[in-house]
Amino acid sequence: MKLKIINVSPKTNLHPLAAGCKISDIPAAGLKFSDALQERLKKLPQDFICAREDFWPSKKILAKIAAVKDFIVLEFDGKTPLAWTSDERRTAPRNCEKISLDRESRIIEYPWDFLFINEEIIGDFAENEIFCEIRKGVNIDGFVKIGKGTVLLPGVYIEGNAAIGENCKI
């Protein structure tokens, strides 16, 4: 599956989180948001998907998209396209099935929208990805993704799923 991220104009409501960067570059659970979106959409059967950089689809919407064999447009208010499947066109196809946005999907407007997205991504961890030094006496009770250069010192107890970046000392 190939994903084309459609940039949107900067949102002043996202400052200071997005100061000087695009929404797609903001970190989400240890990944750039665009990479997290790519990871979320990669299981869809369609070959090409365009999505706005400020859109996070729910699992329910993903199931609806996967069930459609032809091109689709996912719309926000009955007219604003958020994502679509096509043959590598940058604009949404006109004559195709339309799906309306559900309540669980997100259009990112505020920094706290990323809290919801982080919680969802981290909650879905099903395996460990550990690229760090873990010293004796560390307990991990859940699935974690831990970046390079990070050190977990004795006495650390991680309960539940967690994402820890690179070069951290805990």
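The values are calculated or read from the model by the stated rules, or taken from the named source; none is laboratory data. Remember, it's a predicted structure, so these values are computed and weren't measured experimentally. Cβ atoms come from the backbone with ideal geometry, glycine included; neighbour counts cover every protein chain shown. When the accessible area is computed, the model is the full protein with side chains, heavy atoms only, and any ligands, DNA or RNA have been set aside. Shrake-Rupley method; radii C 1.70, N 1.55, O 1.52, S 1.80 Å.
Checking each residue in region 103-124 for being of a type outside the set (Asp, Glu) and within 12 Å of Arg40 (Cα to Cα) picks out Ile117, Ile121.
Residues in region 83-101 that are among the small types (Gly, Ala, Ser) and touching a residue at least 40 places away in the same chain (Cβ under 8 Å): 1 in all. Kindly provide the set of residues from region 127-170 that are at pLDDT 95 or above, open to solvent by 70 Å² or more (accessible area, probe 1.4 Å) and within 13 Å of Ala29 (Cα to Cα), ordered by number. Within region 127-170, Phe143 is the sole residue that qualifies. Being over 22 Å from Leu17 (Cβ atoms) and either buried (at least 18 other Cβ atoms within 10 Å of the Cβ) or in contact with an Asp or Glu (Cβ under 9 Å, 6 or more places away or on another chain) (or both) is the requirement here; does Ile121 meet it? Considered against the rule, which asks whether it is over 22 Å from Leu17 (Cβ atoms) and either buried (at least 18 other Cβ atoms within 10 Å of the Cβ) or in contact with an Asp or Glu (Cβ under 9 Å, 6 or more places away or on another chain) (or both), Ile121 comes out as no.
A Cβ distance below 9 Å, combined with a sequence gap of six or more or placement on separate chains, defines the contacts here; from region 102-127, residues that are at positive phi reach no residue that is surrounded by 13 or more Cβ atoms within 10 Å (Cβ to Cβ).
Being in contact (Cβ under 8 Å) with a residue 24 or more places away in the chain, surrounded by fewer than 20 Cβ atoms within 10 Å (Cβ to Cβ), among the charged types (D, E, K, R) and in a loop (DSSP other than H, G, I, E, B) is the filter here, so list the residues in region 44-71 that pass it. Asp47, Glu53, Asp70 - these are the residues of region 44-71 that are in contact (Cβ under 8 Å) with a residue 24 or more places away in the chain, surrounded by fewer than 20 Cβ atoms within 10 Å (Cβ to Cβ), among the charged types (D, E, K, R) and in a loop (DSSP other than H, G, I, E, B).
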